[in-house]
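Some notes on the structure that comes next.
Bear in mind these aren't lab numbers, they're just calculated from the coordinates by the rules spelled out. Because the structure is predicted, anything quoted here is derived from the model rather than measured. Please note: Cβ atoms are built from the backbone with ideal geometry, for glycine as well, and neighbour counts cover all protein chains shown.
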Amino acid sequence: MKIKIDLSNLEKCLPQNISAQKKDQFKTLFYSKMALLMHEMYKGKITSFPKAAFWGPAWLNIWYTPGVSAPTLAIKKQEEKAYTLTNRANKVAIISDGSRVLGLGNCGPKSALAVMEGKALLMNRLGAIDAEPLCINSLNEKGLNDPQKIIDFAHMISPSYSAINLEDISQPNCYKVLDTLKETYPIPVWHDDAQGTACITCAALINALKVAGKKIDKVKIILFGAGAANTSIAAFLLTLGADPKKMILFDSKGPLHKNRTDLKNNPAYYKQWGLCQKTNFKQINSKEEAFKEADVLIAFSRPGPDIIAPELIKLMAKRAIVFACANPVPEIYPEQAIEAGAFIVGTGRGDFENQINNSLCFPGILKGVLLCGAKKITDTMALAAAKAIAKRAQDTTLNRHHILPDKTDLEIYPLQAAAVAAQAKKEGLATIKITPKQVYTQVKEELLFREEINNLLIKNKLIKKPTQKLVQAVFEQTLKEVL
């Protein structure tokens, strides 16, 4: 008799004698196969859906010509009315040139569209935001990705949106785009690979340290990888109170420190050079010395496995915290890290415990920004969201296996939206008078409304569900390949 495959608890469907390594290989391959089939089945993940109805032919005269001239002229007289007479107030543009997609490198804008659609889907369901993926060709005449093209494009489309989400742009271009738009852009800009990843990692670390009984100003921290994620995480950690003298960052050439002359005069690595001046006070040069008695490892480097050896984890302090967050395969598998002595382990994967994924923060943060009309998104606003996320886990089921709330806990998003709006008001960045309680209530209501729509579509079979036969076939084929 065949076992009915339960996608929410896939491991229970696997043979009991399968090894941990084979189990991980199976899950990675199975989810990849299913994703390819499902994307082909649905032809993508999002579509446009009107929120105004047609009750008869006369309504065409109201929603379009001649009636639409009235709101058009009203906006012409007072541009701010675009936020109340159109959907602009709830629209976010997701901009990417596909130059660094997940852990897959430069895939190009057409390939990036699959990821950006996923981002838009999450904003819709978890933030009640209408987001649109806009993947652009940023190549110049030399065939190189040009950050100025992204900056110019963002400015051109700003009248249609209330915020911009930058995604999967290679460094140093991502820094130039973000830093330039922060200073010149008329609406808030958010770089999810940098600020979003830093936010959720800080939320995870706040709780991991609490469970491990350690203080952020006392711990030794290793940041493995020095790209957009870890350079932003380093800045956030310093704001939280981490000791820069006890922080060591690694790039592909080794630890960062003030004598890294290869970074000193390279404008592409100004973020890294700035951190060279603040961190690794002892100018440690080897992995072994850096990992010795380290309390925390945060890795955002390249897909594993076997990027970080178990022998390095064994050198870490007691009750060590290990975040191995490369996608789609972590730098070290959780089982290996725990076997080597790690106390708490997190990854970027949803099929392991303690998933550290920015989908827990960007929908709530951006929704809070939209509702209070914030002029920009500061690091302190993102940290307010991180603390709200951490607090939610503390109030529910905080332990070493559960340091963050689950993505399906719809309380997270209104709570952090309220925290972000409150922080924006505190910093003088909010332009709309709205209380944190009002933000919380509105987000909660909008999320429940979108969940109700989703349930109605499923109930009335307007969204087709993959058959059990298909899932079973993929399961059996994958198991055969792995074993």
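In a DSSP loop and with at most 13 other Cβ atoms within 10 Å, the trypsin sites (Lys or Arg not before Pro) in the stretch 181-230 are LYS215, LYS218.
Of the trypsin sites (Lys or Arg not before Pro) found in the stretch 374-441, those that fall in a DSSP loop while having at most 12 other beta-carbon atoms within 10 Å are LYS433.
Between ASP179 and GLU141, what's the calculated FRET efficiency when r is the beta-carbon distance and R0 is 25 Å? Round to 0.05. Don't skip to the answer; put the middle values down first.
Values: r = 24 Å, r/R0 = 0.98.
With R0 = 25 Å, the Cβ-Cβ based efficiency is 0.55.
Only helices enter the 222 nm calculation for the chain: every DSSP H run of n ≥ 4 contributes -39,500 (n - 2.57), and dividing by all residues gives -14000 deg cm²/dmol, rounded to 500.
Of the chymotrypsin sites (Phe, Trp or Tyr not before Pro) found in the stretch 278-368, the ones in coil according to DSSP and having at most 16 other Cβ atoms within 10 Å of their Cβ are PHE281. Between GLU311 and ASN285, the distance separating the two model label sites (each 7 Å from Cα on the Cα→Cβ line) works out to 2.0 nm. For ALA163, the residues 5 or more places off, or on other chains, whose built amide H falls under 5 Å of its own are ALA93. Pairs with C-alpha atoms separated by more than 26 Å, drawn from the list LYS376/LYS444; LYS119/LYS182; LYS220/LYS376; LYS215/LYS278; LYS81/LYS425; LYS51/LYS444, are LYS220/LYS376.
Computed from backbone phi with θ = phi - 60° and the Karplus coefficients 6.51, -1.76 and 1.60, the 3J(HN,Hα) list for the stretch 396-410 is 10, 10, 5, 7, 5, 9, 8, 8, 10, x, 7, 4, 7, 7, 6 Hz; x is used for glycine and proline.
Here the simple spin-label model places points 7 Å from the Cα toward Cβ, and for ASN460 and ALA473 these points are separated by 3.0 nm.
Among rounded, prolate and oblate, which fits the chain when a ≥ b ≥ c are the square roots of the eigenvalues of its C-alpha gyration tensor, a/c under 1.5 means rounded, and a/b larger than b/c means prolate?
Taking the square roots of the gyration eigenvalues as a ≥ b ≥ c, the chain is oblate.
Here the stretch 12-123 is treated with +1 on each Lys and Arg Cβ and -1 on each Asp and Glu Cβ, and its dipole about the Cα centre works out to around 260 debye.
Of all aspartates and glutamates in the structure, those lying under 19 Å Cα to Cα from LYS176, and not within fewer than 8 positions of it along the same chain, are ASP97, ASP146, ASP152, GLU167, ASP168, ASP192, ASP193, ASP379.
For the stretch 328-333, putting each phi into the Karplus relation 6.51 cos²θ - 1.76 cosθ + 1.60 with θ = phi - 60° gives couplings of x, 10, x, 4, 8, 5 Hz, in residue order, rounded to whole numbers and with x for Gly and Pro. Separation of the stretch 1-61 and the stretch 180-250, taken as the distance between their Cα centroids, equals 32 angstrom.
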